[in-house]
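S.K.: Have a look at the structure that comes next, please.
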Amino acid sequence: MFTVAALYHFAPLDDLPARRDALRAALAADGVRGTILLAAEGVNGTIAGTPAAIARALDTIRALPGCAGLEWKESHAAQMPFGRLKVRIKREIVTLGQPADPARRVGTHVPAADWNALITAPDVVVIDTRNDYEVAIGTFTGAVDPGTRSFGDFPGWWAANRERFHNKRIAMFCTGGIRCEKASSWLLDQGVDEVFHLHGGILKYLEDVPEADSLWQGECFVFDGRVAVGHGLRQGAVTLCRRCGRPEAACACAGAQNP
């Protein structure tokens, strides 16, 4: 059984090439696989390994400047869900393409236990900030689907639709929380008064909220070999299309033979 850790933290990082090389060496020596992204704004990634190896990897990442408050979510996989380890330097650790500084301010974090009450309030609009193929296999009841193909499309969608949500409180969610950190920070800078987001993301909700009480429908796409997880973070039944690499429920290859 492997431990899978989805992690992120927004904090100013410098000397990125040296930090990349040191981090890659430390994780590789422990057999850890997955992807870590480093940028001047922080760190983001999903990695897998033995429980002991992941514990050491998290200690190493938390030792980065300003990263003691690292957010991470653990789940499990029967088989190693990654083929190799990648540690890369990027312009952003999650690409919005607009100025936003989650290290300065973000929306109000809402614990999983309080999420249902928030999103069923009549003055709240719930927005799924994930990509269209993720939304296609699962989302919260009543959530708005922006239909975006990438997170960088979100600002344009908001600009075209913001009048629809006049006088509404905004509640957003994503897989593990990082996209909402950035999107909520950006929305606050756009003058939106009240922005909330699900703390720990869908993964935390599926872990903490009993299925009988859940407002989640379907499965949650994850960026590793498991493809999707359901309630209790159990591996789901969703598979990828061998032609286009998207979840079969969201691909354009319906009826086509997958060799």
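The values are calculated or read from the model by the stated rules, or taken from the named source; none is laboratory data. Everything numeric in this text was worked out from a predicted model, so none of it was measured. Glycine gets a Cβ as well: all are built from the backbone with ideal geometry, and neighbour counts include every protein chain shown.
S.K.: Which condition breaks for I127 when tested against (1) surrounded by fewer than 17 Cβ atoms within 10 Å (Cβ to Cβ); (2) closer than 30 Å to L240 by Cα; (3) not small (G, A, S)?
M.R.: (1)
S.K.: In the range 209-238, what residues are of a type outside the set (K, R), farther than 20 Å from G142 by Cβ and under 19 Å from the mean Cα position of the chain (by Cα)?
M.R.: The answer is V222, F223, D224, G225, V227, A228, V229, G232, L233, Q235, G236, V238.
S.K.: A follow-up question, please. Could you list, ordered by first residue, the pairs with Cβ atoms under 7 Å in which the first is in the range 167-182 and farther than 17 Å from E207 by Cα and the second is part of a strand (DSSP E or B) and of a type in the set (S, T, N, Q), at least 6 apart or interchain?
M.R.: From residues that are farther than 17 Å from E207 by Cα, the pairs are I178/N44.
S.K.: Restricted to the range 178-208, and to residues that are outside any helix (DSSP H, G or I) and charged (D, E, K, R), which residue is modelled with the highest pLDDT?
M.R.: Only one residue fits best here, namely E194.
S.K.: Take the residues in the range 59-88 that are aliphatic (A, V, I, L, M) and surrounded by 14 or more Cβ atoms within 10 Å (Cβ to Cβ); name whichever of them is farthest from A18 (Cα to Cα).
M.R.: A77
S.K.: Of all the helices (runs of 4 or more DSSP H) wholly in the range 111-177, which have at least 1 residues that are under 20 Å from T95 (Cα atoms)?
M.R.: It comes to 132-135, 154-161.
S.K.: Here is a follow-up. Could you list, in sequence order, the residues of the range 78-108 that are outside any loop (DSSP other than H, G, I, E, B), within 18 Å of the chain's Cα centre (by Cα) and aliphatic (A, V, I, L, M)?
M.R.: Answer for the range 78-108, where residues must be outside any loop (DSSP other than H, G, I, E, B), within 18 Å of the chain's Cα centre (by Cα) and aliphatic (A, V, I, L, M): just V87.
S.K.: Which of the following residues is among the small types (G, A, S) and surrounded by fewer than 18 Cβ atoms within 10 Å (Cβ to Cβ): A171, A143, A121?
M.R.: Of A171, A143, A121, the one residue that is among the small types (G, A, S) and surrounded by fewer than 18 Cβ atoms within 10 Å (Cβ to Cβ) is A121.
S.K.: If you don't mind, another one. Given the criteria in the same structural domain as N116 (by TED's automatic domain parsing), in contact with a Gly (Cβ under 6 Å, 6 or more places away or on another chain) and of a type outside the set (G, A, S), does L188 qualify?
M.R.: So L188 does not fit the description; no.
S.K.: Considering every residue within the range 227-241, establish whether at least one is of a type in the set (D, E, K, R) and in contact with a strand residue (DSSP E or B) (Cβ under 7 Å, 6 or more places away or on another chain).
M.R.: No, the range 227-241 contains no residue that is of a type in the set (D, E, K, R) and in contact with a strand residue (DSSP E or B) (Cβ under 7 Å, 6 or more places away or on another chain).
S.K.: Count, please, the residues in the range 85-139 that happen to be without any contact (Cβ under 8 Å) to a residue 40 or more places away in the chain and closer than 30 Å to R24 by Cβ.
M.R.: Final tally of qualifying residues: 1.
S.K.: Out of all the residues in the range 146-165, which are free of Cβ contacts under 8 Å to residues at least 40 places away in the same chain, surrounded by fewer than 17 Cβ atoms within 10 Å (Cβ to Cβ) and within 17 Å of F196 (Cβ to Cβ)?
M.R.: R162
The rows are residues; the columns are (1) more than 19 Å from T46 (Cβ to Cβ); (2) small (G, A, S).
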| residue | (1), (2) |
| --- | --- |
| S75 | no, yes |
| P81 | no, no |
| K86 | no, no |
| I89 | no, no |
| Q98 | yes, no |
| R104 | yes, no |
| A121 | yes, yes |
| V126 | yes, no |
| D132 | yes, no |
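S.K.: Looking at C244 and the list (1) under 28 Å from L85 (Cβ atoms); (2) part of a helix (DSSP H, G or I); (3) out of contact with any helix residue (DSSP H, G or I) (no Cβ under 8 Å at 6 or more places or on another chain), which single condition is not satisfied?
M.R.: (2)
S.K.: Which of the following residues is more than 17 Å from P102 (Cα to Cα), of a type in the set (G, A, S), without any contact (Cβ under 8 Å) to a residue 60 or more places away in the chain and out of contact with any Lys or Arg (no Cβ under 6 Å at 6 or more places or on another chain): A5, A40, A78, A52?
M.R.: That would be A52, the only listed residue that is more than 17 Å from P102 (Cα to Cα), of a type in the set (G, A, S), without any contact (Cβ under 8 Å) to a residue 60 or more places away in the chain and out of contact with any Lys or Arg (no Cβ under 6 Å at 6 or more places or on another chain).
S.K.: When residues of the range 209-230 are filtered for being modelled with pLDDT of 95 or more and either under 21 Å from T120 (Cα atoms) or charged (D, E, K, R) (or both), how many remain?
M.R.: Number satisfying all stated conditions: 12.
S.K.: Taking the residues in the range 5-51 that are among the small types (G, A, S) and within 21 Å of E181 (Cα to Cα) as candidates, determine which candidate is surrounded by the fewest Cβ atoms within 10 Å (Cβ to Cβ).
M.R.: The extreme case among them is A40.
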